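The values are calculated or read from the model by the stated rules, or taken from the named source; none is laboratory data. Everything numeric in this text was worked out from a predicted model, so none of it was measured. For neighbour counting, all protein chains shown are included, and Cβ atoms are generated from backbone atoms with ideal geometry for every residue, glycine included.
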Amino acid sequence: MEKTASKYTLFTGKALFALILPIVVEAALSQSLGMIDGLMASYAKSGAGDNILTAITAVDQIASLITQLFTAFGVGGAIITSQFLGAGKTEDANKSAKQLVVLMLIISLGVTALCLVLNHQIVNLLFGSAGSETLENAYIYFFIISASFPFVAVFNSCAAILRAQRKSMNTMLSGIISFFLNIGFNALFIYAFDMGIAGVALGTLIARIFPAFFTAFLLSRKGNLVRLRIFEKFRFSGKQIKSILKLAVPSGVENSFFQLGKILVISFITIEIYQVGGLNIQSAANSVAYNINTVSSIVGNGINTATLTVIGQAVGTGSIEQVKYYIKKMLVINYIGNACCVAFTFALSPVLLNFYNISGDARAVAWKCLILCLSFQFFTYPLSFGLPSVLKANSDMKYVMVAAVFSMVTMRVGLCYILTCDWAGIRLGAMGLWIGMVSDWTVRSVLFGGRLLHGKWKKSSGLLKPPEYGESERLAEIAVAEIFKDRQG
């Protein structure tokens, strides 16, 4: 076993740690902001805590649907860049990087304009049956948040390219500064200026502007293997755009349908006919459980992001045995990291629940939802969300898209609807939503685990009939590792 492990040096244990830790820290800060925003807003002077919290959670789902599209393009860019770097094709990596950033900026500006113009219509379409106060808060929050989308798009593309060349420490630094900017401006706008939900949105907007400019600056520095040459003459390349879209579109469809499913199931407990024990109780309980649950996936999400770089560069070397080796290694790391994070969240949940300014009944429902989801997440998360990153890094995007959408439609939406609707007579409220969610995780685990074991992903990666791992691949791997070692930092 030791002989096999020592054969592959593309990513040493130290290199993996240096890649993963900053990404996990960045993910922890980014994901915890949603919880902190909701927590701070629940104590706003102007407006009831339950209504503001429900509005933020609802709009965050819409905003996430849009930002998932940007994330998908970032994933596509990261995979292409990683595979080019793994193969030693740095010039191709540089060209595709700028294509990605410019394309993302143009698309995000169009999306922002659409959201600003159709603000009320979009909110009403998905949450029109919510209370009038909740809707008014949602309109304000969505309008301000929409202005941040171009900055989110630029950050996602630049950060993905930086991570692909093992510069995750840079994106972590950006995340740390953004985190404290968000909290600081939230406190100023919510408590000092008494701006309510507008204060929360403005704090988020300002905190998103900084990392976009900061990561673009870092990516433009001369010391990078892949640089963003801002003032260099630019021309769209149909071939490179097609390569990006080939990976980004299936991932975008998957992410968007997944987020749309989350929005639909939330709407099941925010419209009047699905009330169980009171609308505000169920909605607030779900919002709090959702915010706290984000903590449990912080480490896993960070490892999943790192997996794109690790497996992508392994694919670039052309060695199927090396790809298998790093798949196993990243899966083990994911299980260990996920177990620690879930256990930590479970222990901390009773404390966090008491911080929220919600009713005791809502707090009790949220605790039951957390017990259910954390129990399932302990076993299913690395398979249901870690393996898709492995398959994507091997360019197996279409299968991931089809499997994820199927599981979401049948379990997360279909089962949830049955468990919450009037005609079925079950009417479980927020608990029905979370039962559908954990069922989705279980089905995803089976579908993605089966795909990996079957081996069809090798065809997508071009490794179905790989050459033997010989001296040329060995020398190429050493050369790439040495380049990163020399350029690190």
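Quick look at the numbers
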| quantity | calculated |
| --- | --- |
| Check on R412, touching a residue at least 24 places away in the same chain (Cβ under 8 Å), closer than 18 Å to Y290 by Cβ, surrounded by 22 or more Cβ atoms within 10 Å (Cβ to Cβ) and basic (K, R) | yes |
| Lone qualifier among F234, F268 - being farther than 19 Å from G77 by Cα, among the hydrophobic types (A, V, I, L, M, F, W, C) and modelled with pLDDT under 75 | F268 |
| Test: residue in region 296-309 that is within 26 Å of A18 (Cβ to Cβ) and surrounded by fewer than 22 Cβ atoms within 10 Å (Cβ to Cβ) | yes |
| Considering residues of region 171-193 that are among the small types (G, A, S) and out of contact with any Phe, Trp or Tyr (no Cβ under 6 Å at 6 or more places or on another chain) only, the residue nearest to F17 (Cα to Cα) | G175 |
| Check on L419, surrounded by 21 or more Cβ atoms within 10 Å (Cβ to Cβ) and farther than 29 Å from L308 by Cβ | yes |
| Residue tally, condition surrounded by fewer than 20 Cβ atoms within 10 Å (Cβ to Cβ), in a helix (DSSP H, G or I) and among the small types (G, A, S), over region 198-233 | 2 |
| Residue count for region 382-426, restricted to those that are over 15 Å from K262 (Cβ atoms) and not β-branched (V, I, T) | 24 |
| First in region 65-92 and over 30 Å from F257 (Cβ atoms) and touching a residue at least 40 places away in the same chain (Cβ under 8 Å), second anywhere and part of a loop (DSSP other than H, G, I, E, B) and among the aliphatic types (A, V, I, L, M), Cβ under 6 Å, 6 or more apart | T90/L225 |
| Residue tally, condition over 13 Å from Q68 (Cα atoms) and surrounded by 24 or more Cβ atoms within 10 Å (Cβ to Cβ), over region 143-153 | 2 |
| Enumeration of residues in region 340-369 that are of a type in the set (G, A, S), under 26 Å from the mean Cα position of the chain (by Cα) and farther than 19 Å from W434 by Cα | A347 |
| Among (1) farther than 14 Å from G386 by Cβ; (2) among the aliphatic types (A, V, I, L, M); (3) surrounded by fewer than 19 Cβ atoms within 10 Å (Cβ to Cβ), the one test that V332 misses | (1) |
| Subset of region 173-197 [β-branched (V, I, T) and either farther than 20 Å from A27 by Cα or not in a helix (DSSP H, G or I) (or both)] | I190, I197 |
| Selected residue [within 30 Å of Q282 (Cβ to Cβ), at pLDDT 70 or above, of a type in the set (G, A, S) and over 19 Å from the mean Cα position of the chain (by Cα)] from G436, G450 | G436 |
| Any hit, region 385-400, residues being in a loop (DSSP other than H, G, I, E, B) and in contact with a Phe, Trp or Tyr (Cβ under 7 Å, 6 or more places away or on another chain) | yes |
| Verdict on F258 being of a type outside the set (K, R), in a helix (DSSP H, G or I) and without any contact (Cβ under 8 Å) to a residue 40 or more places away in the chain | no |
| Condition check for A63: at pLDDT below 75, within 21 Å of the chain's Cα centre (by Cα) and either aliphatic (A, V, I, L, M) or over 26 Å from I177 (Cβ atoms) (or both) | no |
| Within region 154-170, tally of residues that are of a type in the set (A, V, I, L, M, F, W, C) and either touching a Phe, Trp or Tyr at 6+ places or on another chain (Cβ under 6 Å) or under 15 Å from I66 (Cα atoms) (or both) | 2 |
| Residue that is surrounded by the fewest Cβ atoms within 10 Å (Cβ to Cβ) [pool: residues in region 432-460 that are small (G, A, S) and closer than 28 Å to K368 by Cβ] | S439 |
| Matching entry among S251, S243 (being small (G, A, S), crowded, with 18+ Cβ neighbours inside 10 Å and more than 24 Å from R444 (Cα to Cα)) | S243 |
| Of residues in region 73-113 being in contact with a Pro (Cβ under 8 Å, 6 or more places away or on another chain) and surrounded by 19 or more Cβ atoms within 10 Å (Cβ to Cβ), the one nearest to F236 (Cα to Cα) | S108 |
| Long-range neighbours under 9 Å by Cβ, at least six apart or interchain, first residue over 16 Å from L331 (Cβ atoms) within region 1-24, second of a type in the set (S, T, Y) and at pLDDT below 70 | K7/Y469 |
| Residues located in region 453-471, provided they are under 13 Å from V400 (Cβ atoms) and either modelled with pLDDT of 75 or more or assigned to a loop (DSSP other than H, G, I, E, B) (or both) | K456, W457 |
